[in-house]
Amino acid sequence: MSSPRGQFSSKTGFILAASGSAVGLGNIWGFPTNAAENGGGAFVLIYFVLAFCLAYPALMAELIIGRHTKSNMVSALQKISTGAIAKNIGKLTGFYGVIIATLILSFYSIVAGWMLAFLLEPLSTVTGLSDVSIWLTEFGNTRNIIFSAVFIILTTTVISAGVEHGIEKWSCRLMPSMLLLMACLIVYVMFQDGAIEGLKVYLLPDFRQIGDPQLIASAMGQAFFSLSLGVGTMLIYGSYLSPDENLPAMGAIVTIVDSSIAFLAGLLVLPALFVAQQQGVTIYNEAGNLIAGPDLIFQTLPTLFHSMGAIGIPIALVFFCLMTIAALTSSISMLEVPVSYTIENHGTSRHTAAWLIGVVVFVLSSLIALNFDRLFSVVVTLTTEYSQPLLGLMLCIFATWVWHRDKMLAEIRSGHPQVEQSLFWKIWPGYVRFCCPVLILLMFVQNILN
Ligand code: TRP
């Protein structure tokens, strides 16, 4: 092992970094649009239940394994296993996680690149470079590849600076800025005509949809994606956390921050959609559903910004800046997964590992961009809908079936001996052992049958 492992210098550093990982395009874009498509308040309700009853326990499994083993997912699952078979399965599961994290980053950086391009667009409009504006906002291979490359370079630069001087430093700078931008936008949008109607669609639950299998599947996928689960992101962040911290509380804070920001993003995006309608923008598609997907972010909202006149330019700038920051604090956590593995298991220096994997991600992401129609949604489905829940299931099994129970309990106690009086102590071990795997499996099967 060539370099000593990094560590977060403070509790706040960890919370901001882990929340930064969790809060991303999934929150600001995925959550509101999923809510709009799945019965508004009904989705919000089910999402919160799943986030706390399923995603939080799974998040804890990752954090506990990570902090105990102080290593990446490949080594971590081997370390907590006894016997050759379990160790080999652990190793394979870890590898699978590393590959999925790399693939998620490959498609994520394309989308994040669009955010960057749209961030520059208002500037080119102001300076009268209309050809550039068109190039920036039109779907095209060159644009997609250039901006995903820029985004990958940003991500790699942060990761190559290490845990404390890269991940922690930038999360502490970017997360508060992101919150501030978001708060300003929400306040502005709320005062526009039409906003209240959007709020109603967002918050009033359509209870007929509450048991809808599609809604539950979407909410579970959203919760797993949003908390960055399964691929070892939270595991590796947990491994950089000091043994003196109260782990269940840290995990709870991250879950609360993540869900709250998703909720806040809904207060921004859905009202904005209805403000756009007031301005004459079409917000329902031919099938009569609210426009969601990429069209919402890259067509409906930009049309709204344009229709606002001069004020629309700073608003667009702030909005896409918010998106880019959210994406960056998430993408660094994805890149850290393969990078930490390469550093720890192949003795590479952090700098070399980061740039080497940055290049791999760039190649993969260009392949996806060049075969967009064929590959993009396949990769998204394969990684987020199938692999993440399966890996989450494996992590729950490793934490509670494979790992020696006393050692696992000792790790929970570390840094917080009073935990033995808490509900967490009484419920979590059994819950993750029996309930979580069954619940995840049920929803997974149901998702496939759909
Ligand atoms: N949670 C982030 C979001 O909501 C994305 C993310 C970061 C992620 N790290 C991950 C998703 C690891 C899956 C796996 O946008």
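The values are calculated or read from the model by the stated rules, or taken from the named source; none is laboratory data. On a predicted model such as this, the values are computed, not experimentally measured, just so you know. When we count neighbours, we look across all protein chains shown, and the Cβ atoms used for this are built from the backbone with ideal geometry, even at glycine. To get the accessible areas, we keep the full protein, side chains included, count just its heavy atoms, and leave off ligands, DNA and RNA. Shrake-Rupley method; radii C 1.70, N 1.55, O 1.52, S 1.80 Å.
How about segment 71-180: which GluC sites (Glu not before Pro) there lie in a loop by DSSP and see at most 10 other Cβ atoms within 10 Å?
On the way: sites: Glu138, Glu164, Glu168; in loops: Glu138.
Sites meeting the loop and neighbour criteria: Glu138.
Quick one: Cα centre-to-centre distance for segment 383-450 and segment 284-362, in angstrom?
Cα centres, segment 383-450 to segment 284-362: 30 Å.
Can you give the relative contact order of segment 341-450 as a percent, counting alpha carbon pairs under 8 Å and 6+ residues apart? Intermediate results must be reported in sequence, preceding the final value.
Numbers: 37 pairs, mean separation 27.9, N = 110.
Once divided by the residue count of segment 341-450, the mean separation gives 25 percent.
May I ask which residue of Val359, Met175, Ala262 lies farthest towards the positive end of the charge dipole of the chain, with charges of +1 (Lys, Arg) and -1 (Asp, Glu) on Cβ and the Cα centre as origin?
It is Val359.
Could you tell me how far the Cα centroid of segment 218-279 sits from the Cα centroid of segment 32-111, in Å?
Segment 32-111 and segment 218-279 have Cα centres spaced 13 Å from each other.
Helix hunt in the chain: which complete DSSP H runs extend at least 27 Å axially by C-alpha with mean Kyte-Doolittle at least -0.5?
Values: long enough: 84-126 (63 Å, 1.38); 141-160 (28 Å, 1.31); 169-190 (33 Å, 1.48); 247-278 (47 Å, 1.71); 312-346 (50 Å, 1.25); 350-370 (29 Å, 1.80).
Long hydrophobic helices here: 84-126, 141-160, 169-190, 247-278, 312-346, 350-370.
On a full-extension model of 0.36 nm per residue, what is the gain between Gln214 and Phe48, subtracting their alpha-carbon distance, rounded to one decimal in nm?
On the way: separation 166, 0.36 × 166 = 59.76 nm, distance 1.61 nm.
Full extension from Gln214 to Phe48 adds 58.2 nm.
Just want the answer: with Cβ charges of +1 for Lys and Arg and -1 for Asp and Glu, which residue in Leu449, Cys435, Val380 is farthest toward the dipole's positive end in segment 345-450?
Cys435
Along the positive direction of the dipole of the chain (beta-carbon charges: Lys, Arg +1; Asp, Glu -1; about the Cα centre), which of Gly140, Gln278, Asn72 reaches farthest?
The Cα lying farthest towards the positive end belongs to Asn72.
Residue by residue, what Karplus-based ³J(HN,Hα) values in Hz, rounded to whole numbers, does segment 232-240 have, using 6.51, -1.76 and 1.60 with θ = phi - 60° and x for Gly and Pro?
Karplus values, whole Hz, x for Gly and Pro: x, 5, 6, 4, 6, 5, x, 6, 9.
Given the -39500 (n - 2.57) contribution per DSSP H run of 4+ residues, what per-residue ellipticity at 222 nm results for the chain, rounded to the nearest 500 deg cm²/dmol?
On the way: 21 runs with 318 residues, N = 450.
Per the formula, -23000 deg cm²/dmol.
If the chain between Thr157 and Leu179 were fully stretched, how many nm would it gain, using 0.36 nm times the residue separation less the Cα-Cα distance? Can you show the working numbers first?
On the way: separation 22, 0.36 × 22 = 7.92 nm, distance 2.30 nm.
Value of the extension gain: 5.6 nm.
With label points built 7 Å along Cα→Cβ from the Cα atoms of Arg405 and Thr282, find their separation and express it in nm.
It is 6.1 nm.
Got a number for the accessible area of Thr12? Probe 1.4 Å, square angstrom, nearest 10.
Around 80 Å² of this residue is reachable by solvent.
Report the relative contact order of the chain, percent, no decimals, based on alpha-carbon pairs under 8 angstrom and at least 6 residues apart.
Values: 709 pairs, mean separation 155.9, N = 450.
RCO, the chain: 35 percent.
For the chain, would you read off the P(r) tail past 27 Å as a percentage of all alpha carbon pairs? All intermediate terms of the calculation are to be shown ahead of the outcome.
Numbers: 52072 of 101025 pairs.
I get 52 percent for the Cα pairs in the chain exceeding 27 Å.
Output needed: percent of Cα pairs per 5 Å distance bin for segment 1-95, bins running from 0 to the one holding the longest distance.
3, 11, 13, 17, 16, 14, 12, 9, 4, 1, 0
Taking just the alpha carbons, could you work out the radius of gyration and Dmax for segment 227-363, both in angstroms?
Cα radius of gyration and Dmax of segment 227-363 are 20.1, 59 Å respectively.
Summing +1 for each Lys or Arg and -1 for each Asp or Glu, what net charge is found among the other residues whose Cβ lies under 13 Å from the Cβ of Trp135? Each step should come with its number before you reach the end.
On the way: positive: Arg143; negative: Glu121, Asp131, Glu138.
Net charge around Trp135: -2.
Hey, what did segment 278-379 get for relative contact order, percent, Cα under 8 Å, at least 6 apart?
12 percent
According to the square roots a ≥ b ≥ c of the eigenvalues of the Cα gyration tensor, what is the shape class of segment 86-196, taking rounded for a/c under 1.5, prolate for a/b larger than b/c otherwise, and oblate for the remainder?
Details: a/c = 2.10, a/b = 1.55, b/c = 1.35.
The shape class here is prolate.
Rounding to the nearest 20 debye, state how big the charge dipole of the chain is about its Cα centre with +1 on each Lys and Arg Cβ and -1 on each Asp and Glu Cβ. Spell out each step's value before the answer.
Numbers: 19 positive and 23 negative charges, 271 e Å.
The dipole magnitude comes to about 1300 debye.
What is the distance, in nm, between label points placed 7 Å from the Cα along the Cα-to-Cβ direction at Ser130 and at Trp355?
4.3 nm
So how far apart, in nm, are the two label points at Leu123 and Val445 if each is 7 Å from Cα heading toward Cβ?
Once both label points are built, they end up 5.3 nm from each other.
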